[in-house]
Amino acid sequence: MGFVDSIARGFGGAVVKRTDDTTTDALNWADSGWSVPTAAGILVNQASAMQVSAVFACVSILSYDLAKLGASIFRGERKGKRQRASDHYLTPLLVQPASWLTWFEFCSMLQASVLLRGNGYAVILRDGKGFPTQLVPINPDRVALWEAPNGELFYMVTRSGLHQMAVLRKEPLLIPSEDMFHLKALSMNSLLGLSPISMAREAIGLAIAQEQLASRWAANSAKPSGVLQTDRTLSPEAAARLKDDWKKLHEGLYNAGRTAILEQGLKWESISMSAQDMEFIAARSFQLAEIARIFRVPPHMLGDTQQRMAGNSITQLGQEYLNNSLSTWIEMWEQRIPFTFGFSEQKDNLFVEFDVDRILRADIETRYTAHKTSLGGAGWDTVNEVRASEGKEPIKGGDTVFRPLNTVPADSPAPAPGTSTAEPGSDQTGEKGEGGGRPKGGLAT
């Protein structure tokens, strides 16, 4: 307790208790962070888990997709009138969180931390007035949560590297919770998120073991493709020599396909792939789908096209991915940012929103059809709003909302036969036809 007591003196003598991730009670400290042993004998940590191609793909897909959306602060209502809060003190940090980091780099790192360890941390640096100036991301394996008797929470950050030590030189050993941006995945104690690579360590460990077995198979010919047979009795010396010669000439990936010269009546008999070998290949494919389930990433995004549902377009698959996978993490960020920085106390009706339209960008024909509907059929977008969504400059007079002339409130009486549906005072004229009057123009402002 000597170390704890020495820390506690800075908090009025109160004992501060460390809270560990309860899912990793069998932890060992390894080269690259906390490692969890598996039944297959594999140690699973951040580094070893990311060496599995399926894990790396899932983490990078979710982290990059979230980071590229970008986050903005708005005033007003999510579903009503609102405007971008460009003058808010936090807005610059959603573009450049730190002097050496872009938002994409910051967001992807924290999201990767949450996906691997269930927690993402960033120390909040403040100026003399208490306003945040930088967000410093920290590897979750170097952060420990400490509890005070009065319920206060503190974070002990183990500084790593000269740069991090210099940046955090003015921060205390135990950082108060109000100065830590903490993202939490699914939690069982409300304080720390569950570590996915710890909870799914057996599935990830099995994938690593299968990968290593396949590599050794290719390097050392662990499963022979054939056997050498003879009716003669070979002396121990001759058998050892033949074994060594065959190993030097034909074992390993780089010796594949070399010509064999046989002697003393030796014959080569090829061995075809057995049903057990086929099951090994199928098991590796199953582990890919198993890891995809852990991170809730559609298998087709990992290259497993057999799992893709027939009849779904790319737009539909993108919408399902957004609804079932990415939206969970978007909601976590959109709630945690206002919570950490006290938006509710500012009484300005502020909220944070990610731009999900970037991931739902459809093909050009579908987009143009949707634009036509939003401009004329529904009348909720202006020409300049549509042009902005396509990356084009605004035009003069493009901020007017249009609506169809032939729409009226549902409780309005039907127009008399032969009359125009143009509104009074409009310069639209009607042309008589067989079915009555119709306006020349299709839209009105």
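The values are calculated or read from the model by the stated rules, or taken from the named source; none is laboratory data. Everything quoted here is computed from the prediction, not taken from an experiment. Here Cβ is always computed from backbone atoms with ideal geometry, including for glycine, and neighbour counts include all displayed protein chains.
Computed quantities for the displayed model
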item	result
Verdict on Gln134 being under 23 Å from Leu350 (Cβ atoms) and either in a helix (DSSP H, G or I) or among the acidic types (Asp, Glu) (or both)	no
Which listed residue, of Arg169, Arg126, Arg117, is within 26 Å of Val95 (Cβ to Cβ) and in contact with a Pro (Cβ under 8 Å, 6 or more places away or on another chain)	Arg126
Complete set of residues in region 134-157 that are crowded, with 19+ Cβ neighbours inside 10 Å and of a type in the set (D, E, K, R)	Asp141
Any chance Ala148 is more than 21 Å from Ser63 (Cα to Cα), touching a residue at least 24 places away in the same chain (Cβ under 8 Å) and not charged (D, E, K, R)	yes
Per-region count, region 86-122, residues assigned to a loop (DSSP other than H, G, I, E, B), among the small types (Gly, Ala, Ser) and either modelled with pLDDT under 95 or under 29 Å from Ser48 (Cβ atoms) (or both)	2
Qualifying positions in region 338-352 - touching a residue at least 24 places away in the same chain (Cβ under 8 Å) and among the aromatic types (Phe, Trp, Tyr)	Phe341, Phe351
Subset tally (residues that are among the small types (Gly, Ala, Ser) and closer than 18 Å to Phe343 by Cα) for region 41-90	5
Restricting region 316-355 to residues that are among the β-branched types (Val, Ile, Thr) and surrounded by 14 or more Cβ atoms within 10 Å (Cβ to Cβ), the residue that is nearest to Ser72 (Cα to Cα)	Val352
Region 73-85 - residue that is among the basic types (Lys, Arg), in a loop (DSSP other than H, G, I, E, B) and within 27 Å of the chain's Cα centre (by Cα) and, of those, surrounded by the most Cβ atoms within 10 Å (Cβ to Cβ)	Arg78
Checklist (1) among the hydroxyl-bearing types (Ser, Thr, Tyr); (2) at pLDDT 75 or above; (3) on the phi > 0 side of the Ramachandran plot; (4) surrounded by 11 or more Cβ atoms within 10 Å (Cβ to Cβ) applied to Ser221, failing item	(2)
Leu145 of a type outside the set (Gly, Ala, Ser), out of contact with any Pro (no Cβ under 9 Å at 6 or more places or on another chain) and under 13 Å from Tyr121 (Cβ atoms)	yes
Residue list for region 123-133, restricted to those being crowded, with 17+ Cβ neighbours inside 10 Å and either over 16 Å from Pro172 (Cα atoms) or at pLDDT below 95 (or both)	Pro132
Residue, nearest to Ser35 (Cα to Cα), within region 191-208, restricted to residues that are hydrophobic (A, V, I, L, M, F, W, C) and part of a helix (DSSP H, G or I)	Ile197
Wholly within region 244-353, helices (runs of 4 or more DSSP H) carrying at least 3 residues that are in contact with a Cys (Cβ under 9 Å, 6 or more places away or on another chain) and modelled with pLDDT of 60 or more	275-295
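Listed here are the residues, each with its yes/no results for (1) part of a loop (DSSP other than H, G, I, E, B); (2) buried (at least 16 other Cβ atoms within 10 Å of the Cβ); (3) at pLDDT 95 or above; (4) in contact with a Cys (Cβ under 6 Å, 6 or more places away or on another chain).
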position	(1), (2), (3), (4)
Arg159	yes, yes, no, no
Leu162	no, no, yes, no
Ala166	no, no, yes, no
Ile175	no, yes, yes, no
Glu178	no, no, yes, no
Phe181	no, yes, yes, no
Asn189	yes, no, no, no
